[in-house]
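The values are calculated or read from the model by the stated rules, or taken from the named source; none is laboratory data. Quick caveat: nothing in here was measured; it's all calculated off a predicted structure. Cβ: placed from backbone, ideal geometry, glycine included. Neighbour counts: every protein chain shown.
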Amino acid sequence: MRAVYTTLVCFVLAAGCNVAPKLDSDFTPLFNGQDLSGWVIESNAAFGVRDGLLVVNKGTGWLRSVATFGDAVFRLDFRFLEDEANSGIFVRTAATSKKDANGWPDNGYQVQCMDTLKPPRHVASMIPYGGEGFTDENHESDLDKIKQVYRGAREWNTYEITCRGEELTVKLNGFVVTKAWNIKNSSGHVGIQAEHGLLEFRNLGVKTLE
């Protein structure tokens, strides 16, 4: 009997590992797990859907939300499928893009989403992307805390990005690790960058703030 019980427990635990957690009820989903409804692929980037996950398959460009947002909290899970895979999360970003081969935005703000802990462009840091006001000098990132909580490539990590007024805060796996200020764009699109990386995303959601 004990052997049967042990086998059953192991089976349940193994099955649970493959079940994606759900968004909290106060978040509105931004991705339906079936297609890219509500999104626009910019610059021919290689975005798609596989097994209920949003996938970026190398290439360059970005995936832009149709909707725009002001004060809001954005949540998403991401997983790098290869070492040093590179991407980024855009917030309060205009629909305009640079007129170059990469086709990335030219008026917004980016949270770095790259499998690296090397400063200054380490995971969960902020990068100026043409958005008014923000520079490298008006943000701070706690690299020691990031090293403690970051789970590495091939493991799921979670961002929670809060935009309120001129301030932006980034949580990585539940811990505040980055803050930025002087964010002058009061609203804009949210987006995902394609920068030669192979990644998966799930549980994309938004909670608007009063």
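Against the criterion of being of a type outside the set (G, A, S) and not in a strand (DSSP E or B), K145 qualifies. Cβ separations smaller than 6 Å between residues 6+ apart or across chains give the following pairs from the range 148-160 residues that are in a strand (DSSP E or B) to residues that are at pLDDT 95 or above and aromatic (F, W, Y): N157/F78. Can you find a residue in the range 184-202 that is over 23 Å from G61 (Cβ atoms), buried (at least 16 other Cβ atoms within 10 Å of the Cβ) and out of contact with any Lys or Arg (no Cβ under 6 Å at 6 or more places or on another chain)? No, the range 184-202 contains no residue that is over 23 Å from G61 (Cβ atoms), buried (at least 16 other Cβ atoms within 10 Å of the Cβ) and out of contact with any Lys or Arg (no Cβ under 6 Å at 6 or more places or on another chain). Among the residues of the range 158-173, those that are under 23 Å from L81 (Cβ atoms) and either β-branched (V, I, T) or touching a Phe, Trp or Tyr at 6+ places or on another chain (Cβ under 6 Å) (or both) comprise T158, I161, V170.
Which one of these does D142 not meet: (1) farther than 19 Å from S65 by Cβ; (2) in contact with a Gly (Cβ under 8 Å, 6 or more places away or on another chain)? Checking D142 against (1) farther than 19 Å from S65 by Cβ; (2) in contact with a Gly (Cβ under 8 Å, 6 or more places away or on another chain), the one that fails is (2). When the residues of the range 110-139 are filtered to those that are more than 16 Å from the chain's Cα centre (by Cα) and small (G, A, S), the one that is surrounded by the most Cβ atoms within 10 Å (Cβ to Cβ) is G131. Look at the range 73-98: where a residue is without any contact (Cβ under 8 Å) to a residue 60 or more places away in the chain, no partner that is surrounded by 22 or more Cβ atoms within 10 Å (Cβ to Cβ) and of a type in the set (K, R) sits 6+ places away or on another chain with Cβ atoms under 8 Å.
Quick one: which strands (runs of 3 or more DSSP E) lie wholly within the range 52-136 and hold at least 2 residues that are β-branched (V, I, T)?
Details: elements: 53-57, 60-65, 72-80, 86-93, 108-114, 126-129.
Those strands (runs of 3 or more DSSP E) span 53-57, 86-93.
Restricting attention to the range 135-168, the residues being touching a Ser or Thr at 6+ places or on another chain (Cβ under 9 Å), farther than 20 Å from L199 by Cβ and of a type in the set (D, E) number 3.
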